[in-house]
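The values are calculated or read from the model by the stated rules, or taken from the named source; none is laboratory data. Just so you know, these numbers come straight off a predicted model, no measurement behind them. Here the Cβ positions follow ideal geometry from the backbone for every residue, glycine too, while neighbour counts run over all protein chains shown. Just the protein is used for accessible areas: all its heavy atoms, side chains included, with ligands, DNA and RNA removed. Shrake-Rupley method; radii C 1.70, N 1.55, O 1.52, S 1.80 Å.
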Amino acid sequence: MKLSYIVSDQTNPYKNIALEAYLLWNVQEDECIFYLWQNRHTVVIGVNQNPWKEAHVKELEQDGGFLARRMSGGGAVFHDLGNLNFTFLVREDNYDTGRQLDVIIRAVAKFGIRAERSGRNDILTDGKKFSGNAFYNSRGHCYHHGTLLLDVDMSDLSRYLNVSHTKLQSKGVDSVRSRVINLKELAPEMSIGSLRDALVEAFGEIYGGTPQLLPGERLNRKELAEYEEKYASWEWRLGRKLPFTTEYSDRFAWGDLTLQFCVEGGVIKDAIAYSDGMETDFIKAIGDALKGTVFSSSAIKAGLSRLVQTVSVDKTLFDDIISLVDRHNF
């Protein structure tokens, strides 16, 4: 397999997410691209999350920060220049989450840090998280990206993220700070540069090759500008804020879910689903699938059952959503 790597030379989140999207659709069939990047003063939310619920948007933007939305699922994260982000971009045949995570584990081991995977999304050391991961797959093009907390300002992390108490309780902790750790606490000699070098080296070791810097001529500046315009747009980042009349929420093993309905005359005029779950396509489709449906448990369950015929979903997730509707029995 051809091993390529690229390091972003700027810290604007919309430019970085644009480059990530461009690389996703332009990675070659037998290639793995390893992309390393940093965002300054940014909250990044998952594709189906409610920005106003997940982040203190007004305070963030007043302080000169950025609110960005990625294509993948998962929860909200805070990025500053003490954080290094990575993305593996491959075609589906070469996608291997275990191998990709091993690159991160091998890299931090070079600094004497013993790390392990936790579930599907996190990498921990001594029970504390220093890397959160998310995933995306569309038409055979895949990416796996994540954060690496090196020397993040934890006060800003807590200040701009609005993490629910139920989510913290599900992790068995009292606060965001008690759950995460900066790698620099364990390896004071580590810098962004040295970690970046260790990651590229580990990439070559795990994949058994020599990574080559991605040639600049492979980047189409016009297409990159178009992607940047999309990911910087108000519509993509914040979307529509539903004037809902009814809301149902719960947290499950796979993530949280909020269903909002705007009901007039007993009929759902509009609906939207918010979630940090990884089953992004099904969650995204719920709102449109329920528009025009009678506002009753049986009608909503029937609508969701019809949706399953066109959008695949994990059975556990589907059953949990049905149980949430059943509990309200309206």
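Numbers below:
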read-out: Pair list, Cβ < 7 Å and 6+ apart or interchain, from segment 212-239 residues that are closer than 18 Å to S8 by Cβ to residues that are charged (D, E, K, R) and in a helix (DSSP H, G or I); value: E228/K15
read-out: Evaluation of Y136 against (1) at pLDDT 95 or above; (2) closer than 14 Å to H79 by Cβ; (3) open to solvent by 20 Å² or more (accessible area, probe 1.4 Å); (4) not aliphatic (A, V, I, L, M) (one fails), failing number; value: (2)
read-out: Of residues in segment 49-62 being in contact (Cβ under 8 Å) with a residue 40 or more places away in the chain and acidic (D, E), the one least open to solvent (accessible area, probe 1.4 Å); value: E54
read-out: Any hit, segment 94-102, residues being closer than 27 Å to P13 by Cα, under 13 Å from the mean Cα position of the chain (by Cα) and either surrounded by fewer than 19 Cβ atoms within 10 Å (Cβ to Cβ) or at pLDDT below 95 (or both); value: no
read-out: Segments classed as helices (runs of 4 or more DSSP H), wholly inside segment 1-96, with at least 1 members that are within 23 Å of V108 (Cβ to Cβ) and not polar (S, T, N, Q); value: 13-26
read-out: Sole exception among (1) outside any loop (DSSP other than H, G, I, E, B); (2) surrounded by fewer than 17 Cβ atoms within 10 Å (Cβ to Cβ); (3) small (G, A, S) for G292, by number; value: (1)
read-out: The lone exception for G287 - which of (1) under 18 Å from A134 (Cα atoms); (2) part of a helix (DSSP H, G or I); (3) open to solvent by less than 50 Å² (accessible area, probe 1.4 Å) it fails; value: (1)
read-out: Test set (1) surrounded by 15 or more Cβ atoms within 10 Å (Cβ to Cβ); (2) part of a loop (DSSP other than H, G, I, E, B); (3) without any contact (Cβ under 8 Å) to a residue 40 or more places away in the chain - T310 fails condition number; value: (1)
read-out: Selection count where residues are open to solvent by 90 Å² or more (accessible area, probe 1.4 Å) and either assigned to a helix (DSSP H, G or I) or of a type outside the set (A, V, I, L, M) (or both), scope segment 211-243; value: 12
read-out: Close pairs (7 angstrom Cβ cut-off, 6 or more residues apart or separate chains): open to solvent by less than 70 Å² (accessible area, probe 1.4 Å) in segment 172-185, at pLDDT below 50 anywhere; value: S175/L168; R179/K171; R179/V173
